[in-house]
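Asks: Below is one structure. I have some questions about it.
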Amino acid sequence: MLSPDEAARQTLDALGMGPRIAPGWINRLSAQFMGRLLTRKAAIRLIAKNTLRLS
């Protein structure tokens, strides 16, 4: 997992470079996987389920 500072730095560095950013190589790989193999609705459900207990 990226630290909050590193995630924020990578996100801010990418401003203006495209419509979305996925900081960290694991997140980029996951985004590519979900974008190609899952519908948007299915990807949102999967992310919601996996991040439910993060707060």
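Asks: Return yes when Asn27 is in a helix (DSSP H, G or I), under 11 Å from the mean Cα position of the chain (by Cα) and surrounded by 10 or more Cβ atoms within 10 Å (Cβ to Cβ) and no when it is not. Before you say what the answer is, go through the steps one by one.
Replies: Values: in a helix (DSSP H, G or I): yes; under 11 Å from the mean Cα position of the chain (by Cα): yes; surrounded by 10 or more Cβ atoms within 10 Å (Cβ to Cβ): yes.
Spelling it out, Asn27 is indeed in a helix (DSSP H, G or I), under 11 Å from the mean Cα position of the chain (by Cα) and surrounded by 10 or more Cβ atoms within 10 Å (Cβ to Cβ).
Asks: Quick check on Arg9: is it more than 11 Å from the chain's Cα centre (by Cα), exposed (fewer than 13 other Cβ atoms within 10 Å of the Cβ) and basic (Lys, Arg)?
Replies: Numbers: more than 11 Å from the chain's Cα centre (by Cα): yes; exposed (fewer than 13 other Cβ atoms within 10 Å of the Cβ): no; basic (Lys, Arg): yes.
No.
Asks: If only one of Ile21, Ile44 is in a loop (DSSP other than H, G, I, E, B) and either touching a residue at least 12 places away in the same chain (Cβ under 8 Å) or surrounded by 12 or more Cβ atoms within 10 Å (Cβ to Cβ) (or both), which one is it? Please lay out each step first, then the result.
Replies: Values: Ile44 fails: in a loop (DSSP other than H, G, I, E, B).
Of Ile21, Ile44, the one residue that is in a loop (DSSP other than H, G, I, E, B) and either touching a residue at least 12 places away in the same chain (Cβ under 8 Å) or surrounded by 12 or more Cβ atoms within 10 Å (Cβ to Cβ) (or both) is Ile21.
Asks: Follow-up question, since we're still on this one. Considering only the stretch 14-55, state which residues are aliphatic (A, V, I, L, M) and within 15 Å of Leu2 (Cα to Cα).
Replies: Start the filter on the stretch 14-55 by keeping residues that are aliphatic (A, V, I, L, M), which leaves 14-15, 17, 21-22, 26, 29, 31, 34, 37-38, 42-44, 46-48, 52, 54.
Residues satisfying the conditions are Ile21, Ala22, Ile26, Leu29, Leu54.
Just so you know, all these numbers are worked out from the coordinates, no wet-lab data involved. This one's a predicted model, so the numbers in the text were calculated from it and none came from an experiment. Cβ atoms come from the backbone with ideal geometry, glycine included; neighbour counts cover every protein chain shown.
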